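Notes for the one structure printed next.
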Amino acid sequence: MSDISPHNFPFRHLLGIGGLSPSEITEILDLSDEYVAQNRQVDKKRSILRGRTQINLFFETSTRTRTSFELAGKRLGADVINMTATASAIKKGETLIDTAATLNAMHPDALVVRHPHSGAVALLSQKMDCSVINAGDGSHEHPTQALLDALTIRRRLGRLHGLTVAICGDILHSRVARSNIMLLNIMGAHVRAIAPPTLLPGTMDRMGVEVFHDMTEGLRDVDIVMMLRLQNERMNGAYVPSTREYYHFFGLDQSKLAKAKPEALIMHPGPMNRGVEIDSELADDINRSVIREQVEMGVAVRMAVLDLISRQTSNQPPVGPDGGGA
Ligand code: CP
């Protein structure tokens, strides 16, 4: 097993991408690379988090994020507890703050939280003595998704700086899009947002992206095509006329992909809706799609984040990013 090299990361929480510097993002990606190598070995286990307790508290469904945080904690030697809203006292009416106070009394070292409301994870972090990691809050941020996407791109294309990345689809409701836009801008990539006007936030002009409403224009010569799911669970009303019409104009198929660079990569954070935002064959095209690779990178990135953050908790350093202080 390779020795994981010493790194320095000055934050106790990871609530968002905002507040991270290019060198801090590079730090996380470099350490993640080391964990990718470790995860490909037969013996994947280390003991750097032995004695630490990690609680995964998920108020929304998840396959990739919850499983990979659990694997990440266990591969680093932590004791990992999984809690869902439906199987907790929240179901009996306990408030978020009371739940936080209850968990805090058990002295966990890290709390990984997914919540349907933007800002809920930051609020929890103010009530906890331990590190808090945002596993997705409403349509606000999903920082480890953006980090794993960046790792996938950097490993395939060798860099982030100067690349053109098209983020396509339901950007309005997407925490993945927000975190990716921030990270890619910080790292010097050019970001395009391609969506119907109904699926773009009003703040788009302040987010440092070029906006397109036509896939064939927006995909021209891009290096990366990042597709997003239509998040029906966050919609109250009709944002698209029909999924059939949406696929016709905004679904990724061979003819639209042909506008991108010949070697452009296809990404999707999952879960995918085949035939709605992406053609099923393209999603499985091993020459273009890196969707499975993104899942693999997710475990390594979450190990790197847990590792780096744990190095700070023993010293009680500044809190940030986005958690105040630092
Ligand atoms: N990409 C992502 O967050 O997937 P899950 O909802 O399965 O965690």
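Coordinate-derived values only; no laboratory data. Here the structure is a predicted model, which is why all the values come from computation and not from measurement. Cβ placement follows ideal geometry from the backbone for every residue including glycine, while neighbour counts extend to all protein chains displayed.
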* Structure fact -> For the range 201-314, the Cα-Cα pair-distance distribution in 10 Å bins from 0, as whole percents, is 12, 35, 33, 16, 5, 0
* **Value of D in µm² per second that Stokes-Einstein yields for the range 1-95, Kirkwood Rh from Cα pairs, at 4 °C (1.567 mPa s)** => 84
* In vacuum, with every alpha carbon of the chain counted as one equal point scatterer, what does the Debye formula give for log10 I(q)/I(0) at q = 0.13, 0.15 Å⁻¹? Two decimals, please. => -0.94, -1.23
* Asked: For the chain, modelled as a GNM with alpha-carbon contacts under 10 angstrom, which of Asp149, Asp205, Asp221 fluctuates the most?
  -> Asp205
* If we sort 91-102, 61-72 on the protection proxy, mean other Cβ atoms within 10 Å, highest first, what's the order? -> 61-72, 91-102
* Asked: What is the helix-to-structure angle for 291-313, meaning the angle in degrees between its Cα long axis and the longest Cα principal axis of the chain, kept from 0 to 90 and rounded to the nearest 10?
  -> 30
* **Fluctuation leader among Pro197, Pro262, Pro116 - the chain, Gaussian network, Cα springs under 10 angstrom** => Pro262
* Asked: Using a Gaussian network for the chain with springs between C-alpha atoms less than 10 Å apart, which of these wobbles most: Ile81, Ile309, Ile181?
  -> Ile81
* **For His268, His13, order by how many other beta-carbon atoms lie within 10 Å, fewest first** => His268, His13
* Estimated vicinal HN-Hα couplings, Hz - the range 222-232 in sequence order (Karplus 6.51, -1.76, 1.60; Gly, Pro = x) -> 7, 8, 9, 10, 9, 8, 10, 7, 6, 8, 4
* Which value results for Rg/Rh of the range 202-253 when Rg is the Cα radius of gyration and Rh the Kirkwood radius based on the inverse mean 1/r? -> 0.98
* Structure fact -> The answer for Ser289, listing residues at least 5 apart or on another chain whose modeled amide H is closer than 5 Å to its amide H, is Ile266
* Asked: Could you give the angle, 0 to 90 degrees to the nearest 10, between helix 143-157's Cα long axis and the longest principal axis of the Cα atoms of the chain?
  -> 60
* Asked: Which order, highest average first, do 40-48, 128-136 follow once you tally other Cβ atoms within 10 Å for each residue and take the mean per peptide?
  -> 128-136, 40-48
* Distance (nanometres) between label positions extended 7 Å along Cα→Cβ at Val211 and Ser47 -> 5.6
* Enumerate the calculated ³J(HN,Hα) couplings along the range 257-265 in order (Karplus 6.51 cos²θ - 1.76 cosθ + 1.60, θ = phi - 60°), each rounded to whole Hz, writing x wherever the residue is Gly or Pro. => 4, 4, 6, 6, 4, x, 9, 4, 9
* **Global geometry of the range 119-243, whether rounded, prolate or oblate, following the gyration tensor of its Cα atoms and the 1.5 cut on a/c** => oblate
* To do: With θ set to phi - 60°, apply the Karplus curve 6.51 cos²θ - 1.76 cosθ + 1.60 along the range 242-255 and write out the HN-Hα couplings as whole Hz, x wherever there is a Gly or Pro.
  => 6, 5, 5, 5, 4, 4, 4, 8, 10, x, 7, 10, 4, 5
* Structure fact -> Under 5 Å from the placed amide H of Leu14, counting only residues 5+ away or on other chains, we find Val132, Ile133, Asn134
* Asked: For Glu217, Glu24, what ranking results if the residue with the fewest other Cβ atoms within 10 Å of its Cβ goes first?
  -> Glu217, Glu24
* Principal-axis tilt of helix 175-186 within the chain, Cα atoms, nearest 10 degrees -> 90
* Structure fact -> Log entry: pair-distance distribution for the range 103-182, C-alpha pairs binned every 10 Å from zero, whole % per bin is 18, 40, 27, 13, 2
* Asked: What nm value, rounded to one decimal, do you get for the distance between Arg220 and Asp30 when each label is placed 7 Å out toward the C-beta?
  -> 3.9
* Can you put Glu277, Glu27 in order of Cβ neighbours within 10 angstrom, beginning with the fewest? => Glu27, Glu277
* To do: Could you tell me what percent of the DSSP beta bridges with both partners in the chain are antiparallel, to the nearest 5?
  => 5
* To the nearest 0.05, how large is the calculated FRET efficiency for Glu94 and Asn232 if R₀ is 25 Å and r is the Cβ-Cβ distance? -> 0.30
* Report, in whole Å, the centroid distance computed from the Cα atoms of the range 134-206 and the range 47-67. => 24
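Could you tell me the number of lysine pairs in the chain with C-alpha atoms less than 23 Å from each other, where the two lysines are 8 or more residues apart or belong to different chains? Provide the component values of the computation, followed by the final result.
Numbers: Lys44/Lys74; Lys45/Lys74; Lys91/Lys127; Lys92/Lys127.
Lysine pairs meeting the criterion: 4.
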* Asked: What residues qualify as long-range amide H neighbours of Val211, i.e. H under 5 Å apart, gap of 5 or more or another chain, H built at 1.01 Å from N?
  -> Ala193
